[in-house]
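S.K.: Handing you this structure, nothing more for now.
The values are calculated or read from the model by the stated rules, or taken from the named source; none is laboratory data. On a predicted model such as this, the values are computed, not experimentally measured, just so you know. Counting neighbours? That spans all protein chains shown, and the Cβs are built from the backbone with ideal geometry, glycine included. The protein model used for the area step is the full one, side chains on, heavy atoms only, and it has no ligands, DNA or RNA in it. Shrake-Rupley method; radii C 1.70, N 1.55, O 1.52, S 1.80 Å.
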Amino acid sequence: SKGDYRHFMLKEIHEQPEVLVDTLADKLTPEGTLLTAVLGPEAAELLPRVKQVQIVACGTSYHAGLVARYWLESLAGLPCSVEVASEFRYRHVAVQPGTLFVTLSQSGETADTLAALRFAKSAGYLATLAICNVPGSSLVRESQLRLMTHAGPEIGVASTKAFTTQLAVLAWLALVLGREQGRLDEVELAEQIAALQALPEQLRQVLELEPAIAELANGFAEKRHTLFLGRGAHYPVAMEGALKLKEISYIHAEAYAAGELKHGPLALVDDAMPVVSVAPSDALLEKLKSNLQEVRARGGRLINFVCERAGLEDEEGMRNFPLPKVPELTAPILYSVPLQLLSYHVALVKGTDVDKPRNLAKSVTVE
Ligand code: M6R
């Protein structure tokens, strides 16, 4: 049931701190030990042989894969490709020895993802791993290794808690592989694990931005087009924010890596088009700030989800929502949440059917 919430989507957004705790509970002890046995009995033999990772998924799950690529490459030093299942399944892929094939899916029944897995099983991959929210789903049954996101049932068509729990599992996997590859020493590993463990509490803090985001949504609902900007692992976070907005508010939204602005999309910017940016405090913040300046100089209206220590002040045409300073590993998970709230509240103002947006199904079991 929806309990006291007006929509399942809102309930599911607010459940995120607790389902993150549930998701990590079988993967990490409170003392910070990684519990790799959860991957299944074959994992101990397979993990040391992983040389590359291929991730395949659809929609929001695909965006989780794109974020994970940054983690797998930087923390584990493993080359990683990410592709939408509907493309992957129909092309001739060149498989490198030692490639772990990973599917991501909330439902475990998405037709294209399942077809990609079935193809992969005879294509020479090292092993198949499903990261999934539904135990006993086709994807879980047919994969060699599995990791469950314990997000609980997700009813809203727009995926929220399934996405952030997938990200938590992927961050965990990057740490497991990083240790396996000898890329993370004990001190760094302990720091990264502590970052994951701190996340649920930080999410609770971010959920408190809701009233301010709801107020902003009033002025947003009449807009026709929006740009979402991010850099690094926050580029796919921006992509996910844009997908959420399209899906439930029917406002056209496009995401760009902020460094691409000058290569085309800047031409679109005027005072009628809001530009949403995801701006955590990381190595790319200064670069992102200069991208935002480019938008301001063209009269663009900025809405920034920004690290509270980034030193950005509200001014005419620029609104900042401060988020706590968090480690790089967990920032993409944290910054996804205000974007979910933004699309929810814009949809609410527009009066769309939030939990069942037009033309969409929760589980896409046909091609
Ligand atoms: O169940 P899956 O994660 O495999 O579903 C994949 C997509 O259909 C799904 O994420 C879709 O994009 C959502 N409606 C996004 O909110």
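S.K.: For a 23 Å ceiling on Cα separation, which of these pairs sit above it: 161/356; 244/287; 262/287; 223/246; 2/244; 121/161?
M.R.: 244/287; 121/161
S.K.: Which one of 291, 341, 326 has its Cα pushed farthest toward the positive end of the charge dipole of region 290-367, where Lys and Arg give +1 and Asp and Glu give -1 at the Cβ?
M.R.: 341
S.K.: Oh, and also: State to the nearest 20 debye the size of the charge dipole of the chain about its Cα centre, where the only charges are +1 on K and R beta carbons and -1 on D and E beta carbons.
M.R.: Here the size comes out at about 920 debye.
S.K.: Run the accessible area of the chain with a 1.4 Å probe and give the carbon-and-sulfur part as a rounded percent.
M.R.: Whole-percent figure for carbon plus sulfur exposure: 50.
S.K.: Among 193, 171, 158, whose Cα projects farthest towards the positive end of the dipole of region 158-204, with charges put on the beta-carbon of Lys, Arg (+1) and Asp, Glu (-1)?
M.R.: Of the options given, the answer is 158.
S.K.: Rounded, prolate or oblate: which one fits region 85-207, using the alpha carbon gyration tensor with axes a ≥ b ≥ c (rounded when a/c is under 1.5, else prolate when a/b beats b/c, else oblate)?
M.R.: It comes out oblate by the Cα gyration axes.
S.K.: Can you list residues whose amide H is under 5 Å from residue 102's amide H, if they're 5+ apart or on another chain and H is modeled 1.01 Å from N?
M.R.: Here 54, 55, 56, 129 satisfy the definition.
S.K.: Here is a follow-up. Based on DSSP H runs of at least 4 residues, each adding -39500 (n - 2.57), what is the mean residue ellipticity at 222 nm of the chain after dividing by all its residues, to the nearest 500 deg cm²/dmol?
M.R.: Here the helix-only value at 222 nm equals -13500 deg cm²/dmol.
S.K.: Now, a different point. Averaged per residue, what accessible area in Å² does the chain show with a 1.4 Å probe, protein chains only?
M.R.: 41 Å²
S.K.: If only Cα atoms are counted, what is the Rg of the chain, and what is its Dmax, in Å?
M.R.: My reading of the Cα-based Rg and Dmax gives 19.8, 58 Å.
S.K.: Can you list the equivalent-ellipsoid semi-axes of region 231-367, largest first and in whole Å, using the square root of 5 times each Cα gyration tensor eigenvalue?
M.R.: Computed over region 231-367, the values are 26, 18, 15 Å.
S.K.: Accessible surface of residue 148 in the full protein assembly, 1.4 angstrom probe, to the nearest 10 Å²?
M.R.: About 30 Å², ignoring ligands and nucleic acids.
S.K.: Report the charge-dipole magnitude of region 263-367 in Debye, nearest 20, computed about the Cα centre from +1 at each Lys and Arg Cβ and -1 at each Asp and Glu Cβ.
M.R.: About 220 debye.
S.K.: Taking a probe of 1.4 angstrom, what is the accessible area of residue 155 in Å², to the nearest 10?
M.R.: In the full protein context, residue 155 sits at about 80 Å².
S.K.: Let me ask something else. In region 224-295, what trypsin sites (Lys or Arg not before Pro) fall in a loop by DSSP, with at most 15 other Cβ atoms inside 10 Å?
M.R.: Answer in residue order: 224.
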